[in-house]
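**Student:** Have a look at this one.
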Amino acid sequence: MFPNGLTQLTSIGMEQHFELGEFFRERYRNILPIKYNLNDIYVRSSDVDRCLQSATFNLQKFYPPIRKGNSEEITFQAVPIHTAPFQKDKYLGVIPNCNKFYIDLYKLNSTEPLQCMAEKTRAIKEYVSRECDIGQFSSIVYDTLFIEKYVTRRNSSLHLLIWKLSTGASGFSRAF
């Protein structure tokens, strides 16, 4: 299901971005010309492979290849995608550099409902972490299982991961 790794764009994601690029091309056809011009658009992506790939696939349909005059030659339109290292990305980075945020996050995680949920899911998180060889359980696992659940609904030939079913992780799957 994830041939390029857990955090990479899937083939379904690639198809979706082609479709989204076509949708945007149609929607903005009266605003932006079909030929790329650096003065018309600025593309920014977070510095994560799947995000850069998403932007690339989207742009391939938003600015499709064009013919040069009457010739048979088709020219690909290379649209630059701007990014910054995650730690320096003040626009798309999601980890705040703010002590108050971390204090409030600690307080939130210390509340009774979250402590209760953490205790109920502790065993399955430890099992998943061990089986996936990821060290500490992280949101990557939630994201992966959410995507897997979505893809499985779209394509009945795909099945849930064996370890998810074999552990009786019904409470775990309700989290998303």
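**Student:** Every residue in the range 109-133 that is under 22 Å from residue 7 (Cβ atoms) and surrounded by 12 or more Cβ atoms within 10 Å (Cβ to Cβ), please.
**Tutor:** The answer is 121, 124, 125, 126, 127, 128, 129, 131, 132.
**Student:** Does residue 18 satisfy the condition of being touching a Lys or Arg at 6+ places or on another chain (Cβ under 6 Å), without any contact (Cβ under 8 Å) to a residue 60 or more places away in the chain and either surrounded by 10 or more Cβ atoms within 10 Å (Cβ to Cβ) or over 30 Å from residue 121 (Cα atoms) (or both)?
**Tutor:** For residue 18, the condition - touching a Lys or Arg at 6+ places or on another chain (Cβ under 6 Å), without any contact (Cβ under 8 Å) to a residue 60 or more places away in the chain and either surrounded by 10 or more Cβ atoms within 10 Å (Cβ to Cβ) or over 30 Å from residue 121 (Cα atoms) (or both) - is met.
**Student:** Looking at this structure, is residue 45 polar (S, T, N, Q), touching a strand residue (DSSP E or B) at 6+ places or on another chain (Cβ under 9 Å) and closer than 28 Å to residue 90 by Cβ?
**Tutor:** yes
**Student:** Looking at the range 28-45, I want the residues that are free of Cβ contacts under 8 Å to residues at least 40 places away in the same chain and have a partner that is in a loop (DSSP other than H, G, I, E, B) and among the β-branched types (Val, Ile, Thr) with Cβ atoms under 8 Å, at least 6 apart or on another chain. Which pairs are those?
**Tutor:** Close Cβ pairs satisfying both conditions: 32/41; 41/79; 43/79.
**Student:** Can you tell me which residues in the range 75-125 are of a type in the set (Val, Ile, Thr) and assigned to a loop (DSSP other than H, G, I, E, B)?
**Tutor:** Those that are of a type in the set (Val, Ile, Thr) and assigned to a loop (DSSP other than H, G, I, E, B): 79, 83, 94, 95, 111.
**Student:** Here is a follow-up. Filtering the range 92-103 down to residues that are surrounded by 10 or more Cβ atoms within 10 Å (Cβ to Cβ) and modelled with pLDDT of 80 or more, which residue is nearest to residue 42 (Cα to Cα)?
**Tutor:** 101
**Student:** Now a separate question. Return a yes/no flag: does the range 72-91 have any residue that is open to solvent by 100 Å² or more (accessible area, probe 1.4 Å) and under 26 Å from residue 136 (Cα atoms).
**Tutor:** yes
**Student:** Same structure, new question: Is it the case, given these coordinates, that residue 106 is out of contact with any strand residue (DSSP E or B) (no Cβ under 9 Å at 6 or more places or on another chain), of a type in the set (Ser, Thr, Tyr) and surrounded by 15 or more Cβ atoms within 10 Å (Cβ to Cβ)?
**Tutor:** no
**Student:** On the given criteria, is residue 37 polar (S, T, N, Q), assigned to a helix (DSSP H, G or I) and open to solvent by less than 80 Å² (accessible area, probe 1.4 Å)?
**Tutor:** no
The values are calculated or read from the model by the stated rules, or taken from the named source; none is laboratory data. What you see is a predicted model, and the numbers here were worked out from it, not measured in a lab. Glycine also receives a Cβ, built like all others from the backbone with ideal geometry; neighbour counts cover every protein chain displayed. What goes into the accessible areas is simple: the full protein's heavy atoms, side chains included, and nothing from ligands, DNA or RNA. Shrake-Rupley method; radii C 1.70, N 1.55, O 1.52, S 1.80 Å.
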